[in-house]
Amino acid sequence: MDLIKRRGSGALISTTGAAIQQIPCTIVQFLLFGFLNRLWSNTCVNSYALSTPSATPAANKQALLRREDNALLRGQGQFGHDIQLPHLKYVAFVRSTQAHATINGIHTTDALQVPGVLQIFTAADLGVLHLPHINPLLPLMHDTAFPVLATHEVAYVGQPIAVVVANSRHAARLAAGLVEVDLQTLPPHNDFDNTAPTVTQTQHHVGTAPSADALSVETKIISPRVSACPLEPRACTASWHEASQQLTVWLGTQTPSRAQSDIATLLGLPLTQVHLISPDVGGAFGARASVGNEDLLVPWVARHLKTAVQWVATRSEDLLAGMQGRGSEMTGRLTFNAEGKMLGLQAGLHFTLGAWLPFSAVVPLRNAARILPGPYQVPHLDIDGLATRANAAPVNIYRGAGRPEAALLIETLVEKAARQCQLDPVEFRQRNLIPPEAMPYTSGTGECLDSGHYALALAQACERFQYTQQRAQQQLRRAQGECVGMGLALYIEPCGQGWESARVTWHDAHHVTVASGSPAQGQGHVTTYAQLVADTLGVEAGHVEVLMGDTQTCPPGTGALASRSTAIGGSAIVQACHNVLAQKQNGAAFPITAEEKFTAKEAWSYGCVIVRMQIDTDTGQPTIEHIEWVDDAGHVLQPTLVHGQLIGGAAQGIGQALLERMVYDAQGQLITGSLMDYALPRADNIPPIHISSMHTPSPHNLLGAKGVGEAGCIGLPAAIMNAARDALSHLGEVELQFPLTSEQLWRAMHGH
Ligand code: SMO
């Protein structure tokens, strides 16, 4: 069954509603849990007065029902799978069965005899077409061009080699299985292979190295590849209209404007001939941030055959050939003095990129390196990062995108250092946090941390967790033979920079439209944007129509990335509303339209997580007993949606910490190619999560808002790791890696 986890709102209704009766109780609970708690989105604000940080809840906004849910809950959403067009043809891909091989021949005779098969395309039919260029945030050390369909060689298992077009989905898939590809095996490069080509590097070298006799701790951390696993597998539908020479593409994406431009460029069409629609989307998490080969091939086929074609991925196809997340090996060394004052941080970060580079491929490495010191003042930095290719599926941003890796490395080192100094880990942190009076703070890596009171977040979390009492309790339980640990993590979450667009049109007091360049993939933007317009223009939220994810009705935009929709997209909306109000004051006649772009510097969310974990001494099974979490997302407009984002991120963070891992064997074959093998968290894996909020406004946007979508994936894994290590600390410094399986913990406890 293609469902299990992860919101993306109505995806579970629309694409899986029929199956819900048959699925196990835990999954239903999980889905309901997801429904109640996770589908909803971003932070937002209606008050522009900047206040001092406080630990009280946001403005007592009435909790709103999500506007989008009425249709979604009734099965009236329209997801990728739901797009129906007359005379629709179906596409299936022939994919490489080997990680690295020469293509000696492609034989389509048998496949072409399947009834309903219309045509099979290979690279020879396409000519030389390459995937789009990537975001040049880090310098590239060689050309990263990669063919849309494999030409003379394949570079990963799952790489598209041929495209089958048929009258039915079934015929297309059946025929794809009958295409014979003659491959001659070549040795593959695996992830982190030191002989694999280096694609890019980054470094931060700051300050004077501490003297050699300073205290230090070291660690090596592997953050395995994981799959974002949105509830809705990928889908793309494209329709070419010959008379008007117009291409319409339905593609669930975080970045409609960039997808439109990528498709237009590939096909050699002007933007005006490509209409991109991102319909309802069942979750994205970074996996829908960049176009993949399939998203380009489907429009190519539509135009070539002058028809309408659709591709819907299977779950296994997504696991095998979709963009994956994480994938790093990191070493770190923290130097400090006997008083527990940090002196220096040395780190080597090695990220894998897979066979080809999606648009944001270098972002995780760049983020991990630039935010590695976290909320701490570290005078000396010696950070070197590199990313290498591998004969495996591509790696791209995934909820957190380098931030989780950074938090995991620094927070592991911090707790080790505290144990070495014989200081309580809370005390050790307090001695090193960036103080609020230092804000805005320029970090050693050159980042501008805009605002925040990190020590207050730590104190608040400790108070709510009853940290001192819990430590005493831990001693008692340990004395009785239990294995119990408590782990902390502080995290920072840079929330996007750059620009976003909005167009607001005042028709009359009962009809206002707002169009945003930043669409939703389940977060609840309709509710948030409508409320924002309503509050700014003084109309009823119910009278505000929200448009997004459509390049014909929306202004060009950047998209929903890096927790930026409300902070930047929301600010663009406010700016456009102010423009409308000014025109109204000047007596403009109706309707009044204003289109604005808002450009922002990054806003930095942050928070503190404390986890208590018990490990069964007989089985090694970890149980998270308590999570206490303080998050500061700046000013908040919709507390319910923010809460949902935090819980959703937490579920994915817990999944990564305890369960999830994509595994390739030495030949580059994916071992975890189905949800029988890849362990997604379910309801019974998610413990109660206690969340409280602080609200330190960001000076970098009109709303004082910061991001919130990624926080759970950043802070929780690091705290969970520290809780497990603390639980086993009676054994000395035990090196643990994600996922924290019962087998790994049992082996650690029993000296294997
Ligand atoms: S990982 Mo996010 O979609 O920038």
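Need one word for segment 589-696: rounded, prolate or oblate. Basis is the Cα gyration tensor (sqrt eigenvalues a ≥ b ≥ c); a/c below 1.5 gives rounded, then a/b vs b/c decides.
oblate
Counting only other residues whose beta carbon sits under 9 Å from that of Lys220, what net charge do I get with K and R as +1, D and E as -1?
On the way: positive: none; negative: Glu218, Glu329, Glu735.
Result for the neighbourhood of Lys220: -3.
Name the shape class, rounded, prolate or oblate, that the alpha-carbon gyration tensor gives for segment 491-641, where a ≥ b ≥ c are the square roots of its eigenvalues, rounded holds for a/c under 1.5, and otherwise prolate holds if a/b is larger than b/c and oblate otherwise.
Working: a/c = 2.83, a/b = 2.59, b/c = 1.09.
It is prolate, given that a/c is not under 1.5 and a/b is the larger ratio.
Return the calculated 222 nm mean residue ellipticity for the chain, to the nearest 500 deg cm²/dmol, obtained by summing -39500 (n - 2.57) across DSSP H runs with n ≥ 4 and dividing by the residue count.
Details: 19 runs with 202 residues, N = 752.
Only helices count here, giving -8000 deg cm²/dmol.
Using +1 at the C-beta of Lys and Arg and -1 at the C-beta of Asp and Glu, which of Val414, Gly559, Leu449 has the Cα lying farthest in the positive direction of the dipole of the chain?
Of Val414, Gly559, Leu449, it is Gly559.
Among the listed pairs Lys341/Lys706; Lys89/Lys306; Lys341/Lys416, give every one whose C-alpha distance is greater than 20 Å. Don't jump to the answer; show the numbers that get you there.
Details: Lys341/Lys706 30 Å; Lys89/Lys306 11 Å; Lys341/Lys416 14 Å.
With Cα atoms farther than 20 Å apart: Lys341/Lys706.
What is the Cα coordinate range of the chain on the first, second and third principal axes, sorted by size from largest, in whole angstrom?
Taking the Cα atoms of the chain, the three principal extents are 76, 74, 53 Å.
Using DSSP to call loops (not H, G, I, E or B), can you name the chymotrypsin sites (Phe, Trp or Tyr not before Pro) in segment 174-262 whose Cβ has at most 16 other Cβ atoms within 10 angstrom? Walk me through the numbers on the way to the answer.
Working: sites: Phe192, Trp240, Trp250; in loops: Phe192.
Answer by residue number: Phe192.
Cβ neighbours within 10 Å, averaged per peptide: list 321-333, 145-157, 556-568 in order, most packed at the top.
Details: 321-333: 23.2, 145-157: 19.6, 556-568: 29.6.
Highest mean packing first, the order is 556-568, 321-333, 145-157.
What does the charge count near Met613 come to, summing +1 for each Lys or Arg and -1 for each Asp or Glu among other residues with Cβ under 9 Å from its Cβ? Don't jump to the answer; show the numbers that get you there.
Working: positive: Arg612; negative: Glu625, Asp726.
After counting each charged neighbour, the total is -1.
If packing is taken as the mean number of other Cβ atoms within 10 Å per residue, what is the order of 513-519, 598-604, highest first? All intermediate terms of the calculation are to be shown ahead of the outcome.
Values: 513-519: 26.6, 598-604: 22.6.
Result, highest mean Cβ count within 10 Å first: 513-519, 598-604.
Rounded if a/c is under 1.5, else prolate if a/b beats b/c, else oblate: with a ≥ b ≥ c from the C-alpha gyration tensor eigenvalues square-rooted, which is segment 667-716? Walk me through the numbers before you get to the answer.
Values: a/c = 4.76, a/b = 2.02, b/c = 2.36.
It is oblate, given that a/c is not under 1.5 and a/b is not larger than b/c.
Ordering Glu218, Glu596, Glu500 from largest to smallest accessible area (1.4 angstrom probe), what's the sequence? Write down the numbers at each step before the final one.
Numbers: Glu218 110, Glu596 40, Glu500 0 Å².
Correct descending sequence by accessible area is Glu218, Glu596, Glu500.
What is the extension gain from His205 to Gln273, computed as 0.36 nm multiplied by their sequence separation minus the C-alpha to C-alpha distance, in nm to one decimal? Write out the running numbers ahead of the final one.
Working: separation 68, 0.36 × 68 = 24.48 nm, distance 4.80 nm.
Result for the pair: 19.7 nm of gain on full extension.
Between Trp240, Val298, Leu73, whose Cα lies farthest towards the positive end of the dipole of the chain when Lys and Arg beta carbons carry +1 and Asp and Glu beta carbons carry -1, centred on the Cα centre?
Leu73
Excluding residues on the same chain fewer than 8 positions from Lys220, give the aspartates and glutamates whose Cα lies under 18 Å from its Cα.
Excluding near neighbours in sequence, the set is Asp191, Asp193, Glu329, Asp382, Asp384, Glu405, Glu411, Glu415, Asp726, Glu733, Glu735.
Ranked highest first by the average count of other Cβ atoms within 10 Å around their residues, in what order do 102-112, 131-141 fall?
Numbers: 102-112: 14.5, 131-141: 16.1.
The peptides rank, most packed first, as 131-141, 102-112.
At a 1.4 Å probe radius, which order do Arg477, Arg464 fall into by accessible area, largest first? Can you show the working numbers first?
Details: Arg477 40, Arg464 115 Å².
Greatest to least solvent exposure: Arg464, Arg477.
The values are calculated or read from the model by the stated rules, or taken from the named source; none is laboratory data. Bear in mind that the values here come from a model prediction, so they are computed numbers and not experimental data. We place every Cβ from the backbone using ideal geometry, glycine too, and count neighbours over all the protein chains shown. All accessible areas refer to the heavy atoms of the entire protein, side chains included, with ligands and DNA or RNA removed. Shrake-Rupley method; radii C 1.70, N 1.55, O 1.52, S 1.80 Å.
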